[in-house]
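Visitor: Take a look at this one; I'll ask things after.
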Amino acid sequence: MFAWRVDDEIELRLLELEHAGAMHRLTEANRAYLRRWLPWAESETTLEQTEAFIRRSLQQFAEGNGFQAGIWYRQELAGAIGLHYVDRRNRRTEIGYWLAEPLQGRGIMTRACRAVVDHAFGPLGLHRVEIRCATGNHRSRAIPRRLGFREEGVLRQWAWVDGRFHDMVIYGLLAPEWRREPVRGGPLAASL
Ligand SMILES: CC(C)(COP(=O)(O)OP(=O)(O)OC[C@H]1O[C@@H](n2cnc3c(N)ncnc32)[C@H](O)[C@@H]1OP(=O)(O)O)[C@@H](O)C(=O)NCCC(=O)NCCS
């Protein structure tokens, strides 16, 4: 439904059912690493569950309540990024993301995330973007820091993941704090 070029290497595409096989294979290949931080990686293990996730995200997109996009890096599916919800009344949203383990360290997620923040503050007209990371998830925490988010607080033992409770850091960014740049090819605007 949309393909959104971030730069010469990265493209975001709305996840659709045709992507279920590739998404499932990618999560299978990365499950041991993903389950350290993402609870669904432990509980959603079948192709049918991936398809159900994509159906839910398409519904979410149709309702204007966020989206889930695959990240293609040099034409290869590399991970996913999305808005968990869009709260219109309070004009805020929260970004979530993951990347295949071997593709870490190339700035793929920082670049994808920057594009999604651009979109949230640009076409979507939102006022606040949040990213929540487990305190021990240093790679994830580096992303909002790189993008200028402010660390706002820690929710103690907020999530049960991989057999233990994790404290969660909330990063927040407000529209006036974001250095605005034009969104490159933002077809999301038409639907969200
Ligand atoms: C969180 C996660 C996406 C971070 O991945 P990442 O590869 O560290 O992040 P990026 O893709 O933005 O890459 C940043 C690295 O690329 C480097 N880089 C290279 N080119 C870059 C560019 N153009 N822009 C920014 N950074 C760049 C950075 O210096 C950084 O290097 P470092 O790892 O040596 O510090 C990944 O670890 C992951 O998916 N983890 C498992 C799931 C997870 O935790 N999800 C988040 C839950 S809150």
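Visitor: One-quarter of the Cα convex hull surface for the chain, in nm²?
Guide: Answer in nm², one decimal: 10.2.
Visitor: Each label point is 7 Å from the Cα along the Cα-to-Cβ direction; what then is the distance between the points at Thr110 and Glu9, in nm?
Guide: 1.1 nm
Visitor: Which whole-number percentage describes the relative contact order of the range 48-176, with Cα contacts under 8 Å and a sequence gap of 6 or more?
Guide: Result for the range 48-176 is 17 percent.
Visitor: How far apart, in nm, are the 7 Å Cα→Cβ label points at Trp158 and Ala22?
Guide: Output for this residue pair reads 3.2 nm.
Visitor: Here's a follow-up. So between Arg91 and His138, what do we pick up on full extension, going 0.36 nm a residue minus the alpha carbon distance?
Guide: Fully extending the segment from Arg91 to His138 adds 14.1 nm.
Visitor: Let me ask something additional. Gain in length, Ala29 to Glu48, computed as 0.36 nm per residue apart minus the alpha-carbon separation, to one decimal in nm?
Guide: So the chain would gain 5.2 nm between Ala29 and Glu48.
Visitor: Alpha carbon centre of the range 94-112 versus the range 11-67: separation in Å?
Guide: The range 94-112 and the range 11-67 have Cα centres spaced 15 Å from each other.
Values quoted throughout were computed directly from the atomic coordinates according to the rules given, and no laboratory measurement underlies them. Computed from a prediction, not measured in an experiment: that's the story for all the values here. Note that we place each Cβ from the backbone using ideal geometry, even for glycine, and neighbour counts take in every protein chain shown.
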